[in-house]
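Everything below concerns the one structure shown next.
Taken together, the values in this text are just the output of simple stated rules run on the coordinates, not laboratory data. Predicted model only: the values in this text are computed from it and were never measured. Using ideal geometry, Cβ is built from the backbone for each residue, glycine included, and neighbour counts are taken over all protein chains shown.
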Amino acid sequence: MHAWYADHFVLPLPDSHRFPMDKYRRLRERVAAELPGVVLSEPAAATDSELCRAHDPAYVARVSRGDLSVQEIRIVGFPWSAQMIERSRRSAGATMAACRAALRDGVSVNLAGGTHHAKRASGAGYCVFNDAAVATRMLQSECGIGRVAIVDLDVHQGDGTAEILGGDDSVFTLSLHGDHNFPFRKEMSHLDVALPDGTADDAYLAALDDALVTMNRRFDPQFVIYLAGADPFEGDRLGRLKLTKRGLAERDRRIFDLCRARGLPLAVTMAGGYAEDIGDIVDIHFATVEAAERHGMRRP
């Protein structure tokens, strides 16, 4: 199995932002040490033409030049820098690379990605470019894939993905998220499942099962992009849900089982995670990567 990373593009960030960003380096190091069967590769940066399949060309040009307003930069959450743009392009490139590899191998992983708050003409919530939307348009433009399902299990709604793709019947955007969490103004996905604060394993998994049944009834995907956020975890500072690590592993298993049963290629991105102990975030993401590797080995 291939996994793609861009964590060596270090951002010049204030101390308050470095904690969650460090998870990417630590995750790559753990995958390298403990999963020797995973091939780690550096992705190419997404080009302007690739980004503009999902984003407004004027936005891509302005953010690349550093012409965003103070307000726009505040909404993104990162100070602008050339490194930030390069890393954002590499993150989108990693999800595209994971999709291409999954078409060949059945499954592949971006060790970052899941930047689902980026909209067509704006960034938000630490997201500059929407890697899942960019990769979806690449699959449709270059790879002969007509129908893509995006299963977003980050604790926050994939509002940017919904804004870009929610009205497109060739895509199915499923978002299972906290009702009272960011973004406080939601967009309309093809299927939104909003969960109350404190939702724990059993209720979450039941809601996910129902959502997957609904998606399967309404849509026949040829490819799945999965956002495996670590932030529904009970120890997450921002999540407000109460899933255990075991519950999160069961969540992942349901997605892998669905793709195995239907013979669907699968690209996985890590999305969010803000636990008090960064080791918990890395544990959760690592378990997802490990499960993806097992899925690839067992896939018919």
TODO: Compute the relative contact order of segment 2-298 as a whole-number percentage, counting only Cα pairs closer than 8 Å that sit 6 or more residues apart in sequence.
DONE: 19 percent
Open item on the list: Given Cβ point charges of +1 (Lys, Arg) and -1 (Asp, Glu) and nothing else, what value in debye, to the nearest 20, does the dipole of segment 2-298 about its Cα centre take?
Closed with: 520 debye
TODO: Work out, step by step, the length gained on full extension between residue 44 and residue 200: first 0.36 nm times the residue separation, then minus their alpha carbon distance; give nm to one decimal.
DONE: 52.3 nm
Task: lysines whose Cα lies under 16 Å from that of residue 186, excluding same-chain neighbours fewer than 8 positions away - done: 119
